[in-house]
Amino acid sequence: MELICPICGLRLDRIERGYRCEKNHSFDMARQGYVNLLPVQQKRSLHPGDTREQVLGRRAFLESGCYAPISETLNQTAAQLGASGPILDVGCGEGYYSARLAAFLNTELTGLDISKEAVRCAAARYKGPQWLCGTAAHLPVADGSAGVVTSLFALTMADEFKRVLRPDGLFFQVLAAEDHLLGLKSIIYPELKYKEKDTVPEVPGFQLVKSVPIRFTFTVEGEQVQNLLGMTPHVFRITREGAARLAATEKLTDTASCVLNVYQPHWENCHA
Ligand SMILES: C[S@@+](CC[C@H](N)C(=O)[O-])C[C@H]1O[C@@H](n2cnc3c(N)ncnc32)[C@H](O)[C@@H]1O
Ligand SMILES: [Zn+2]
């Protein structure tokens, strides 16, 4: 993947143990194998993004294979659509889905997350891909250099995704549906409120190619119940009573329900 300097936007060249631009802004590769391309002025807090605890909980949960159907649907759909790399995974977390996708498509991968803990964890486990700490709001990636952009349970920055994609590139988005993890929700909330959720949103500058619903049941036990909670936004909303009820839950069978949307860049009024 061709990288650009997060400070001045010029091309970044590979140097020993890191990168440097023509204006001499340089970025070292951390001992753990990732590069920090998040300048302080692009940080909104001292430690943005997921915490170490969240990252380790997600790693333990995903490695158990409970969400393998999501990874398999992503891989199969990408292959069917003839997706080709390099892949840029935005909000990559600890790299579970994109490392599998890159291996499946046998292509290059760059994973980017605003959480240093996430990319540190990804780099420790998956040695081939390039792992970057950076923000989706200002991707340190050259225009038109990605064949695939993925945003899996993470944020969508339409303008930036379009800028970095090749004209024939594809954007893969996974979103949780309204009935995702109803079992967990029914334990932690006294009543379930149904909110309409647009799971196939319009993405400015893109057109929808395909939308694939993903629905399956799985069971978690012991610590994995807490790990599951930690992967959801409910971890920030849970009440003390809800947390106590979940702590007393030894085993939980639940249904994951999400949607894989695939989009392609769309140019209006573009006459050759
Ligand atoms: C719910 S997690 C999903 C992680 C991974 N894609 C997965 O599905 O396992 C969302 C991720 O987005 C990251 N994130 C949040 N804001 C971000 C930003 N502005 N730029 C890049 N990553 C961001 C968080 O640190 C976190 O790792
Ligand atoms: Zn620079």
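None of the figures in this text is laboratory data; all of them are computed from the coordinates on show. Predicted, not measured: the structure shown is a model, and the values here were computed from it. Methodologically, a virtual Cβ is constructed for each residue, glycine included, from the backbone with ideal geometry; neighbour enumeration extends over all protein chains shown.
For the range 85-168, run through the trypsin sites (Lys or Arg not before Pro) and keep only the ones in DSSP coil with at most 16 other Cβ atoms within 10 Å of their Cβ.
Listed in order of number, the matching sites are LYS127.
Label-to-label distance, GLN41 versus THR219, with points set 7 angstrom from Cα along the beta-carbon direction: 5.6 nm. Note on ALA60 and GLN264: with the Förster distance fixed at 30 Å, the Cβ-Cβ geometry gives a FRET efficiency of about 0.25.
Here the dipole of the chain is about 520 debye; that uses its Cα centre as origin and unit charges on the Cβ of Lys and Arg (positive) and Asp and Glu (negative).
Enter the mean projected area of the convex hull around the alpha-carbon atoms of the range 1-122, in nm², rounded to one decimal.
That works out to 8.5 nm², a quarter of the Cα hull's surface.
The string of couplings for the range 124-132 from the Karplus curve (6.51, -1.76, 1.60, θ = phi - 60°) is 5, 9, 10, 7, x, x, 9, 10, 10 Hz, one whole number per residue in order, with x for Gly and Pro. Scaling against 2.2 N^0.38 Å puts the C-alpha radius of gyration of the range 117-272 at 1.25. Start at zero, step by 10 Å, and the Cα-Cα distances of the chain spread as 7, 28, 34, 22, 8, 1, 0 percent across the bins. Close amide H contacts of LEU109 (hydrogens built in the peptide plane, cut-off under 5 Å, sequence separation of 5 or more or a different chain): ILE87, GLN130. In the chain, the calculated helix contribution to ellipticity at 222 nm averages -8000 deg cm²/dmol per residue, counting -39,500 (n - 2.57) for every DSSP H run with n ≥ 4.
Of the trypsin sites (Lys or Arg not before Pro) found in the range 219-272, the ones in coil according to DSSP and having at most 16 other Cβ atoms within 10 Å of their Cβ are ARG237. Under 5 Å from the amide H of SER257 lie the amide H atoms of ALA177, HIS180, LEU181, each residue being 5 or more positions distant or on a separate chain, with H modelled from the backbone and absent for Pro and chain starts.
Run through the range 221-272 and list the chymotrypsin sites (Phe, Trp or Tyr not before Pro) located in a DSSP loop whose Cβ has at most 11 other Cβ atoms within 10 Å. Here the sparse-neighbourhood loop sites are TRP267. Distances between placed amide hydrogens fall under 5 Å for ILE4 paired with LEU12, VAL141, ALA142, all partners being 5 or more residues away or on another chain.
3J(HN,Hα) couplings calculated from phi for the range 210-223 with the Karplus curve 6.51 cos²θ - 1.76 cosθ + 1.60 (θ = phi - 60°) are, in sequence order, 6, 10, 10, x, 10, 9, 7, 10, 8, 10, 10, 9, x, 4 Hz; Gly and Pro show x.
Note on ARG237/GLU16: beta-carbon distance plugged into 1/(1 + (r/R0)^6) with R0 of 41 Å gives a FRET efficiency of 0.30.
Here the 3J(HN,Hα) profile of the range 160-171, calculated from phi with Karplus coefficients 6.51, -1.76 and 1.60 at θ = phi - 60°, is 5, 5, 5, 4, 7, 7, 5, x, 9, x, 10, 10 Hz, Gly and Pro shown as x.
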